[in-house]
Each structure stands twice: as C-alpha cells, then as structure tokens.
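*Asks:* Take this structure, written in structure tokens, and hold onto it; I'll ask about it next.
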Amino acid sequence: MLPPTHSSDLSDIIRRCDEVLAHAWMVRTFIKHGEEIDDYPELMGIVRSVFDISRALETRQADPVGYVRMLNKKVGKLRKAAEQFAVDALKASTHTNFQQAVKSMNVCVRELLALSARGQVLLAALPTAAVASSDIEEGDE
C-alpha cells in the first residue's frame, strides 16, 4: 500500500499524463486521417508511437507504480518518434497545420518527460514493500 501523499502525487501524474496524451492523440488523428499519409507513409511512425504509449499506460491506470514505470519505459520511444516526426512532417507539408502538429508533439513529449522524472523521484522515495507489490502485477511490454 502506498503512503497517502505518494498515492495522491502519483494519481496527479496519471491524471496529467492522460491530459497530455489527449493532445498527442489529436495529432495522431490529424496525421492518420490526412491526405499526405498516402505520399508520406513515414508519418505513421508518430501515429504508431502515440498509440503505443497511450495503450500501454491505459492498462496501468489502476497501478500507479506500474504506470510510472511504464511511462518511463515508453516516453523515450515517443521522444525519438517526435524527433523524426519533426523532420518528416515538414517534408510532407510546410502548412501551418503540420508546423503546429510538430510543436504540439514537442510540448507533449516535454511534459511527459517531466512527469516521468517526477514519478521516478516519487518511486525512489517509496518503501520497498510498496514497489515490490507492483512488481508482482507488472508484465513485460
């Protein structure tokens, strides 16, 4: 069982990640359904990456420790996908919509990295027993 303050802090991280991922999901939807995807299939990298992190975190919402661990595991992959997206999107189009999508993904990644770092600090401060109970439930994704 988690101490009340840690539980509240971890719940706040989960809530905030959910909000940030809603923005990333809108970029995903814009790219996935855009006409440019036919000529620039490399844009699907960001689509897949946003889906991957969203789905992985969704499965951990009832386990705050597992959630933060999964966030830490997946956010680096999203960061790399966003870096590639910044290159690929502007090859596909210099339209404002693509420029804004790149900016939006960069903000999402920055926020998720900060939330992951905050979560890692909280996990490091947890009693070993609280972290160990999450190890039992956590599978490898």
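*Asks:* Is it the case, given these coordinates, that residue 37 is over 15 Å from residue 73 (Cα atoms), without any contact (Cβ under 8 Å) to a residue 24 or more places away in the chain and in a helix (DSSP H, G or I)?
*Replies:* Judged against the criteria, residue 37 is a match.
*Asks:* If you take the residues of segment 103-119 that are free of Cβ contacts under 8 Å to residues at least 60 places away in the same chain and within 15 Å of the chain's Cα centre (by Cα), which of them is nearest to residue 70 (Cα to Cα)?
*Replies:* 116
*Asks:* Residues in segment 48-72 that are surrounded by fewer than 22 Cβ atoms within 10 Å (Cβ to Cβ), of a type in the set (Val, Ile, Thr) and in contact with a Ser or Thr (Cβ under 8 Å, 6 or more places away or on another chain): how many?
*Replies:* Count: 0.
*Asks:* Applying the selection to segment 108-127, what residues are surrounded by 15 or more Cβ atoms within 10 Å (Cβ to Cβ) and either assigned to a helix (DSSP H, G or I) or among the polar types (S, T, N, Q) (or both)?
*Replies:* Result: 108, 109, 111, 112, 113, 115, 116, 118, 119, 122, 123.
*Asks:* When segment 111-138 is examined, which residues are found to be hydroxyl-bearing (Ser, Thr, Tyr) and at pLDDT below 55?
*Replies:* 133
*Asks:* Of the residues 58, 83, which is free of Cβ contacts under 8 Å to residues at least 40 places away in the same chain, more than 9 Å from the chain's Cα centre (by Cα) and closer than 17 Å to residue 16 by Cβ?
*Replies:* The match here is 58.
The values are calculated or read from the model by the stated rules, or taken from the named source; none is laboratory data. From a predicted model like this one, the values you see are computed outputs, not experimental measurements. Using ideal geometry, Cβ is built from the backbone for each residue, glycine included, and neighbour counts are taken over all protein chains shown.
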